[in-house]
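Structure first, then comments.
The values are calculated or read from the model by the stated rules, or taken from the named source; none is laboratory data. For clarity, every value in this text was computed on a predicted model and none was experimentally measured. When we count neighbours, we look across all protein chains shown, and the Cβ atoms used for this are built from the backbone with ideal geometry, even at glycine. When the accessible area is computed, the model is the full protein with side chains, heavy atoms only, and any ligands, DNA or RNA have been set aside. Shrake-Rupley method; radii C 1.70, N 1.55, O 1.52, S 1.80 Å.
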Amino acid sequence: MGILDFLKARPKNTANIAKERLRIIVSQERSSRGSPDYLPLLRTELLAVIRKYVHVELDAINIQVERDGEHEVLELSVALPEHKPGATG
Amino acid sequence: MTETIVVTSGKGGVGKTTTSASLATGLAMQGKKVAVIDFDVGLRNLDLIMGCERRVVYDFVNVIHQEATLKQSLIRDKRHDNLYVLAASQTRDKEALTQDGVGRVLDELKADGFDYIVCDSPAGIEKGAFLAMYFADRALVVVNPEVSSVRDSDRILGLLSSKTRHAESGKGGVPAHLLLTRYNPERVGSGQMLSIGDVEEVLGLPVLGVIPEHDSVLSASNQGVPVILDATSNAGQAYVDAIARLLGEERPMRFTEAAKKGLFKRMFGS
């Protein structure tokens with residue numbers, strides 16, 4: 001690799017960028033795998049409702065389905081902003 | 001015992017059909033009785049790569065709809081007596097393939113004493129791709145060292161581990177192997193292409209074989225001769241190695257180092 005690099009005008013190492021991007025997106029997609037298809041839409045609609053009362057960011061809602069023995073549990077968590085709650089967005 | 005192997009990828013254009021043709025031919029060269037089936041309904045292409053496009057009379061959908069018998073529809077390879085091709089239909093009706101129908105055809109091939117059934121999956125994750133993998137005992141996931149292909153492969157690996165008969169019957173996911181195609185060691189060396197290690201790390205699976213990017217792949221498809229039959233081609237030789245590994249043999253990787261480095265490697269390595 002060293003010799004080749006010397007001969008060429010050192011190209012940018014884009015393979016590393018590709019690998020990092022893949023690592024992140026693949027792990028994210030794996031964690032949401034197997035969950036129902038309606039989750040993204042549910043998340044958007046819930047966000048819209050919550051936003052009527054509190055201004056929260058898009059990524060403040062975390063929603064996932066977990067298996068607990070026989071049944072599935074829909075787990076929803078909303079991180080509220082630090083300042084006074086109740087201020088409408 | 002018949003083994004059903006699906007060749008799949010998610011992304012299109014990565015080399016599924018090229019791989020299916022070489023895999024089926026390579027297994028036949030080992031004396032196995034092999035059938036290779038094109039699941040790409042509407043976009044038949046395996047026949048061209050196998051060089052039997054002018055001999056297609058009946059196709060997979062005809063067999064499923066019982067318009068022709070399996071025997072009438074299997075096209076015997078010109079080069080190997082023990083290799084048969086089942087072409088995809090040209091119909092635009094994507095619903096032409098049914099789970100029961102595909103299962104029946106596979107069972108009939110098993111009863112006919114085939115050792116291997118190679119299922120050439122279409123791109124995407126729709127019905128054809130789903131049915132190509134559904135009955136598989138093993139999977140060969142074809143991946144290019146490129147972001148979209150790697151991501152799609154991960155998606156396919158997820159489906160293999162859940163949406164297959166193997167998984168549904170409680171045996172766990174379909175055992176899958178990665179086949180890295182269109183690999184260019186020079187570009188990997190200069191940091192412009194994902195390396196074997198990068199792909200293995202992201203997907204969490206070892207690579208079974210690496211097929212170098214080579215002009216011989218295009219000239220083989222131009223002529224309708226599976227590239228594995230080109231003894232002078234690095235890509236063809238890499239397919240020979242990959243199939244030997246698939247059958248349990250241990251073989252060192254070849255053609256995975258840039259030319260100059262390869263010489264050094266050969267001097268100090270094996």
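The local environment of B:Ala21, defined by Cβ-Cβ distances under 14 Å, has a net charge of -3 under the rule Lys, Arg +1 and Asp, Glu -1.
Summarised in one figure, the compactness ratio Rg/Rh of the stretch B:28-74, Cα atoms and Kirkwood Rh, is 0.98.
On a 1.4 Å probe surface of the protein chains, which of A:Thr44, B:Thr19 comes out largest in accessible area, and what is the full order?
A:Thr44, B:Thr19
For the peptide B:180-188, the mean number of other protein chain Cβ atoms found within 10 angstrom of a residue's Cβ is 1.
How large is the Rg to Rh ratio of the stretch B:113-153 when both quantities use alpha carbon positions and Rh follows Kirkwood?
1.03
Tally the DSSP beta bridges in chain B and give the antiparallel ones as a percent, rounded to 5. Here the share of antiparallel DSSP bridges comes out near 5 percent.
An ellipsoid equivalent to the stretch B:69-175, defined through the eigenvalues of its Cα gyration tensor, has semi-axes of 25, 17, 15 Å when rounded to whole angstrom and sorted largest first.
Just to make sure I understand: if all protein chains stay in place, what is the order of B:Ile125, B:Ile5 by accessible area at 1.4 Å, largest first?
Largest to smallest exposure gives the sequence B:Ile125, B:Ile5.
When you work out D = kT/(6 pi eta Rh) for the stretch B:112-183 at 25 °C and 0.890 mPa s, using the Kirkwood radius from C-alpha pairs as Rh and the Stokes-Einstein form, the result is 192 µm²/s.
Taking both sides together, the accessible area buried where A meets B is about 1700 Å² for a 1.4 Å probe.
Can you check how the C-alpha radius of gyration of the stretch B:139-270 compares to 2.2 N^0.38 Å, as a plain ratio?
Taking the Cα Rg and dividing by 2.2 N^0.38 Å, one obtains 1.13.
Taking only pairs that are 8 or more places apart or on different chains, how many Lys pairs in the stretch B:7-145 have Cα atoms under 16 angstrom apart?
Within the stretch B:7-145, the lysine pair count is 8.
Among beta bridges identified by DSSP and lying wholly in the protein assembly as shown, the antiparallel ones come to about 25 percent.
Note on chain B: semi-axes of the ellipsoid equivalent to its C-alpha gyration tensor, largest first and rounded to whole Å, are 31, 21, 16. Build a GNM of chain B with springs between Cα atoms under 10 Å apart, and of B:Met253, B:Met133, B:Met29 the one that fluctuates most is B:Met253. Accessible surface computed residue by residue for chain B, with neighbouring protein chains in place and a 1.4 Å probe, gives 44 Å² per residue.
Applying a length cut-off of 27 Å (Cα extent along the axis) and a mean Kyte-Doolittle floor of -1.0 to the DSSP H helices of chain B leaves no helix.
Hey, could you grab the Kirkwood Rh for the stretch B:163-224? Inverse mean 1/r over distinct alpha carbon pairs, Å, one decimal.
Taking every pair of different Cα atoms in the stretch B:163-224, averaging 1/r and inverting gives 14.0 Å.
Excluding same-chain neighbours fewer than eight residues apart, the aspartates and glutamates reachable from B:Lys171 by a Cα-Cα span under 18 Å are B:Glu3, B:Asp137. The amide H of B:Gly124, built 1.01 Å from its N in the peptide plane, has B:Gly10, B:Lys11, B:Gly12 as neighbours under 5 Å, considering only residues 5 or more places off or on other chains. Between B:Val56, B:Val150, B:Val34, the GNM of chain B built on Cα springs shorter than 10 angstrom shows B:Val56 fluctuating the most. Got a number for the accessible area of B:Glu168? Probe 1.4 Å, square angstrom, nearest 10. Approximately 120 Å² of B:Glu168 is accessible to the 1.4 Å probe. Run through all the Cα pairs of the protein assembly as shown and give the fraction in each 20 Å bin from 0, expressed as whole percent. Using 20 Å bins, I get a P(r) of 26, 49, 22, 3 for the protein assembly as shown.
Convert 4 °C to kelvin, take the viscosity as 1.567 mPa s, use the Kirkwood radius over C-alpha pairs of the stretch B:1-46 as Rh, and evaluate the Stokes-Einstein diffusion coefficient in µm²/s, rounded to a whole number. D, rounded to a whole number, is 112 µm²/s. Karplus-based coupling profile of the stretch A:46-54, in residue order and whole Hz: 4, 4, 4, 5, 4, 5, 5, 10, 10, with θ = phi - 60° in 6.51 cos²θ - 1.76 cosθ + 1.60 and x standing for Gly or Pro. Here the stretch B:27-131 is treated as an ellipsoid with the same Cα gyration tensor; its semi-axes, largest first and in whole Å, are 20, 15, 13. Helix content alone sets the calculated 222 nm mean residue ellipticity of chain B: runs of n ≥ 4 DSSP H residues at -39500 (n - 2.57) each, divided across all residues, give -11500 deg cm²/dmol.
Close amide H partners of B:Ile211, meaning residues 5 or more places away or on another chain with modelled amide H under 5 Å apart, are B:Leu180, B:Thr181, B:Arg182, B:Tyr183.
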